[in-house]
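Read the structure below first, then the notes.
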Amino acid sequence: MRVPRILLFLAYLIVPCRAVAQDRSTPLWQWSDSDWVHYHASQDRNFAFTTGMHEDQVRRLRLAAGVADEQAMAIIQTINARTLPHRHILVVSSSGNRSCLTAGVYEERGGNFEKVWWVSGTRNGAGICQEPWCESPQISATKSGEVRIRMPSRGDDAGAATCDHTENIVYRPSGKTYALAEESRVQAQCGEDTFSVARGMAVYKPMDGERVANVERFPPFHDEALIAFEKTKDEVVVSLIAFSKKSWLQLSQESASQAKTLSQCVELAESLVRRRTALPVSNGIAQQLLDRLSKIDFSTQECNRSADGRCMYVMDGVQYSISTDSGKTAVIRDSRTLDLTSENPALWEWTKELLGESGLEMPASAVPRTNGANPLRYMNLGGAGGRHGE
């Protein structure tokens, strides 16, 4: 069952797991083998909880999928042990910076997992990878035994700004393996998720000068706004960029009234009135903030940390997305009311300073809390794990 988005911001979901013994400023590609061993072990416990499998089963399945204990830059994205018939299990893993996916179907025999079938690319040799400014590819299973791949693409126009097409690939059981059954390309429509992409592309477009940095908060500051650093010939201007409520409502209504491609949604969003409000940040302070930001390592840990070093996954609450024109981007969480250490302390201190200088600082008392009607919930991922509700 899909959880309504509004509920995701009403409570924090904390998942304690084994801490990764690594300094937070260390990029993932510099993690040692032991760091990755700890990370994969924490993921094993997580999947044991969500699938109802034993932790040692999950580990053996992960190893069968080619992700060793010390495997770097490879992550198991999905383990679906409930949908496919014949006790088949779908495992989806990702690797590399483009979120390239590999899918495999496995079955357990005599305590070991054997690969029934796997796929890591299309028939024309392309990988199952995310393209810039496009949604991530998705791989799912159906109870009829199908494995479905959905890949947003630019179609035949490699230079297109957005992905206006979707490649759909279907594999079905064939004897003891799976075989390609269907391939199709359809024109992608601007739905709930692509509508957000369209809004993002429009609001991130420079209004004056060169856009060099953005800070966006979820839930937003107000009216779908973000803080923008724009460099002109003479100074750096820090502004709050937003759609007016009227324009935002117009975009929602027009997008829903008729089928539109993502490109059409972007064109519509760019045609609406955006409002820019100058923030009380002087040119000197803005330059200092940008200089400090350029020196911060954007690598983030997989989780926030409690005082005793436990890894706590905060799934909801206030988040900040920070990006620069050099391509650096990171998402961090406001976890002050939980007494947790940030995934990237240096970047969080920078963000708090920016909010204070801008007059947009959210006091700790206003940060959504998890007491009272929304108590903290912990998932016990130790031992064999338990079964998580559908």
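The values are calculated or read from the model by the stated rules, or taken from the named source; none is laboratory data. Keep in mind the model is a prediction, meaning the values are calculated, not measured. Quick reminder, even Gly has a Cβ in these numbers, built from the backbone with ideal geometry, and neighbours come from all protein chains shown.
For the reader, a short list of remarks on this structure follows.
- Residues in the stretch 263-310 that are part of a strand (DSSP E or B), modelled with pLDDT of 75 or more and crowded, with 16+ Cβ neighbours inside 10 Å: N304, R305.
- Check on Q71, touching a Ser or Thr at 6+ places or on another chain (Cβ under 7 Å) and among the polar types (S, T, N, Q): no
- Of the strands (runs of 3 or more DSSP E) that lie entirely inside the stretch 90-193, those containing 3 or more residues that are over 30 Å from Q57 (Cα atoms) and not hydroxyl-bearing (S, T, Y) span 165-174, 177-187.
- Residues that are farther than 17 Å from F47 by Cβ and among the aromatic types (F, W, Y) within the stretch 86-118 comprise W117, W118, listed in sequence order.
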